[in-house]
Amino acid sequence: MQYWLMKSEPDEASIDDVLAAPDQSVAWVGVRNYQARNFMRDAMRVGDGVLFYHSSCAEPGIAGLAQIASTPYPDDTQFDPKSKYYDPKATPENPRWMLVDVRATEKTRLMTLPELRTFPELADMQILRRGNRLSITPVTPPEWRCIIRHIK
């Protein structure tokens with residue numbers, strides 16, 4: 001089992017939105033970074049743990065827990081000229097962008113970036129590195145255990 005931190009802007013898909021969705025699951029659409037895409041396409045497995053992170057909001061932080069709920073498949077928004085995620089170079093025969101479904105398992109208290117920085121065990125966590133902009137980052141098993149221990 002692997003662990004991931006996945007960022008979502010709450011006005012697009014909050015932990016509450018996902019918990020209210022059918023099957024408490026959403027397709028993780030709109031990823032347009034190759035490294036993040038590769039994580040979804042090549043490394044994620046059904047059942048992997050997810051730290052659901054609210055970003056680009058007044059108080060960013062981990063807002064809930066989730067799990068990977070599907071194998072990767074093409075993100076259909078890449079083929080839709082009306083979508084803000086449209087990619088004119090992508091075709092159904094040769095998709096460039098993949099996604100996975102994410103199923104929320106619980107809303108937690110908000111664990112903010114300043115709080116994450118207080119734990120020495122998280123000093124090397126990718127989300128805390130200066131200049132990190134990735135929407136999906138791996139989380140090590142010790143980092144996962146530390147966060148789970150302190151978030152509940």
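A few notes on this one:
- Conditions (1) more than 19 Å from VAL139 (Cα to Cα); (2) open to solvent by less than 60 Å² (accessible area, probe 1.4 Å); (3) in a loop (DSSP other than H, G, I, E, B): number failed by GLY47: (1)
- Verdict on PRO114 being assigned to a helix (DSSP H, G or I), surrounded by fewer than 13 Cβ atoms within 10 Å (Cβ to Cβ) and free of Cβ contacts under 8 Å to residues at least 40 places away in the same chain: yes
- Tally of residues being of a type in the set (A, V, I, L, M, F, W, C), assigned to a helix (DSSP H, G or I) and within 13 Å of the chain's Cα centre (by Cα) across region 17-41: 4
- Residue that is surrounded by the fewest Cβ atoms within 10 Å (Cβ to Cβ), among those in region 61-78 that are out of contact with any Ser or Thr (no Cβ under 8 Å at 6 or more places or on another chain) and part of a helix (DSSP H, G or I): ASP76
- Any hit, region 79-86, residues being in contact with a strand residue (DSSP E or B) (Cβ under 8 Å, 6 or more places away or on another chain) and either assigned to a helix (DSSP H, G or I) or open to solvent by less than 40 Å² (accessible area, probe 1.4 Å) (or both): yes
- Unique match (being modelled with pLDDT under 95, closer than 20 Å to LEU128 by Cα and not charged (D, E, K, R)) among LEU113, LEU5: LEU113
- Going through (1) in contact (Cβ under 8 Å) with a residue 40 or more places away in the chain; (2) part of a strand (DSSP E or B) one by one, LEU134 falls short only on (2).
- Among (1) at pLDDT 95 or above; (2) closer than 23 Å to MET111 by Cβ, the one test that ALA43 misses: (2)
- The condition of being assigned to a helix (DSSP H, G or I), of a type in the set (D, E, K, R) and either out of contact with any Ser or Thr (no Cβ under 9 Å at 6 or more places or on another chain) or surrounded by 12 or more Cβ atoms within 10 Å (Cβ to Cβ) (or both) does not hold for GLU106.
The values are calculated or read from the model by the stated rules, or taken from the named source; none is laboratory data. No experiment lies behind these values; they were computed from the predicted model shown. Here the Cβ is made from the backbone with ideal geometry for all residues, glycine too, and neighbour counts use every protein chain on show. Ligands, DNA and RNA are stripped out before the accessible areas are found, and what is left, the full protein with its side chains, is counted by its heavy atoms. Shrake-Rupley method; radii C 1.70, N 1.55, O 1.52, S 1.80 Å.
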